[in-house]
Amino acid sequence: MDPSRAADSPADESTAPPPDGPPALRFPYDASALTAEPLRTERLVLRPLESTDAADVFEYQRIPEVLRYLPWPERNRAEGYEHTAKRAAGRVLADDGDFFVFAATLPGEPSVGGPTDGDGGTRDRVIGDFMVRVSSAKHAQLELGWVLHPDFQGRGFAREAAGAVLDFVFETLQPHRVQAFLDARNAASAALCERLGMRREATILEAEYNDGEWQDTAIYGILRHEWAAGRA
Ligand SMILES: CC(C)(COP(=O)(O)OP(=O)(O)OC[C@H]1O[C@@H](n2cnc3c(N)ncnc32)[C@H](O)[C@@H]1OP(=O)(O)O)[C@@H](O)C(=O)NCCC(=O)NCCS
């Protein structure tokens, strides 16, 4: 990717590429800036995942129902904390495979990990997380992924957070297309994709072998101009 195109500031109308123009990802992008200036929705605050969020993440990472359609193995607490530290270390998007993770925090809901900010103040609980990954820098394709604690499912939180993340990536990073890969049986995730305006583009038969069986993968996607039309 041509580094002269690099920028990490939000797009404005004068710099936004035409919807069907050539790839114009604004890379490299360092998500650390979102620590000081998180995304705010009606009920949630979305900021980069930190290793100190491990206790809250483990609360959903250890639940078999949550893992059912995720490519995550069952982990004990130490393994879970290590996994969260690795995911929290992802911050800069520049090349294929790079990622960062938004922690969705719910103001007023105390963290299960207790206060860790040194002054004894209450820390808001991470109720889920939302990943942004580079599928192809060359072709301006990004991927989203999500997980929410079951106690907070069925209340529109995933829709609220994923919608904000989708708007953020289209506005700030300028992808041409955003996609999500799902276990084809994952009805809750498919419904979320559809609520976000994404289209089921493919079902890949027996794409993965997990938990002793071949599993189909569904691919959902949305193009930049479709997202823009949905916002108009
Ligand atoms: C996928 C996942 C994030 C979806 O979460 P979710 O809570 O079902 O999604 P939403 O936040 O969009 O909530 C939608 C539901 O909340 C209801 N709802 C209640 N109050 C609402 C509100 N204020 N606004 C919007 N929806 C509301 C909706 O009617 C809908 O209910 P329904 O499922 O009975 O139709 C969740 O199932 C999950 O974390 N699963 C485990 C991990 C996983 O599989 N991740 C995906 C891997 S690809």
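Name every residue in segment 35-52 that is open to solvent by less than 80 Å² (accessible area, probe 1.4 Å) and not in a helix (DSSP H, G or I), in order of residue number.
Pro38, Leu39, Thr41, Leu44, Val45, Leu46, Arg47, Pro48, Leu49, Glu50 - these are the residues of segment 35-52 that are open to solvent by less than 80 Å² (accessible area, probe 1.4 Å) and not in a helix (DSSP H, G or I).
Taking into account only those residues within segment 201-215 that are in a strand (DSSP E or B) and of a type in the set (Asp, Glu), which is farthest from Gln179 (Cα to Cα)?
Top of the filtered list is Glu213.
Would you call Glu201 within 24 Å of Pro28 (Cα to Cα) and either open to solvent by less than 30 Å² (accessible area, probe 1.4 Å) or more than 8 Å from the ligand (Cβ to nearest atom) (or both)?
Considered against the rule, which asks whether it is within 24 Å of Pro28 (Cα to Cα) and either open to solvent by less than 30 Å² (accessible area, probe 1.4 Å) or more than 8 Å from the ligand (Cβ to nearest atom) (or both), Glu201 comes out as no.
Looking only at segment 186-196, decide whether some residue is near the ligand (Cβ under 7 Å from one of its atoms) and of a type in the set (Lys, Arg).
yes
Of all residues in segment 182-194, which are assigned to a strand (DSSP E or B) and buried (at least 20 other Cβ atoms within 10 Å of the Cβ)?
Listed by number, the list holds a single entry, Leu182.
Any residue in segment 171-194 that is basic (Lys, Arg) sitting within a Cβ distance under 7 Å of a residue that is in a loop (DSSP other than H, G, I, E, B) and open to solvent by 10 Å² or more (accessible area, probe 1.4 Å)? List the pairs, counting only those 6 or more apart or interchain.
Arg185/Tyr69
Only one residue in Phe130, Phe168 is part of a helix (DSSP H, G or I), modelled with pLDDT of 95 or more and open to solvent by less than 30 Å² (accessible area, probe 1.4 Å). Which one?
Phe168
Hey, could you check segment 205-225 for residues that are of a type in the set (D, E, K, R) and surrounded by fewer than 17 Cβ atoms within 10 Å (Cβ to Cβ) and say which is nearest to Glu74 (Cα to Cα)?
The extreme case among them is Asp211.
From Phe152, Phe157, grab the single residue that is buried (at least 17 other Cβ atoms within 10 Å of the Cβ), over 16 Å from the mean Cα position of the chain (by Cα), within 14 Å of the ligand (Cβ to nearest atom) and closer than 20 Å to Thr41 by Cβ.
Phe152
Can you pull out every residue in segment 53-110 that is open to solvent by 70 Å² or more (accessible area, probe 1.4 Å), within 29 Å of Pro23 (Cβ to Cβ) and either out of contact with any Asp or Glu (no Cβ under 8 Å at 6 or more places or on another chain) or without any contact (Cβ under 8 Å) to a residue 60 or more places away in the chain (or both)?
Of everything in segment 53-110, those that are open to solvent by 70 Å² or more (accessible area, probe 1.4 Å), within 29 Å of Pro23 (Cβ to Cβ) and either out of contact with any Asp or Glu (no Cβ under 8 Å at 6 or more places or on another chain) or without any contact (Cβ under 8 Å) to a residue 60 or more places away in the chain (or both) turn out to be Lys86, Ala89, Asp95, Asp96.
Looking at (1) open to solvent by less than 30 Å² (accessible area, probe 1.4 Å); (2) assigned to a helix (DSSP H, G or I); (3) out of contact with any helix residue (DSSP H, G or I) (no Cβ under 6 Å at 6 or more places or on another chain); (4) within 12 Å of the ligand (Cβ to nearest atom), find the lone condition where Leu144 falls short.
(2)
The values are calculated or read from the model by the stated rules, or taken from the named source; none is laboratory data. It should be emphasised that the depicted structure is a prediction, and the values quoted were computed from it without experimental measurement. Note that we place each Cβ from the backbone using ideal geometry, even for glycine, and neighbour counts take in every protein chain shown. Quick note on the areas: whole protein, heavy atoms, side chains included, nothing else; ligands and nucleic acids left out. Shrake-Rupley method; radii C 1.70, N 1.55, O 1.52, S 1.80 Å.
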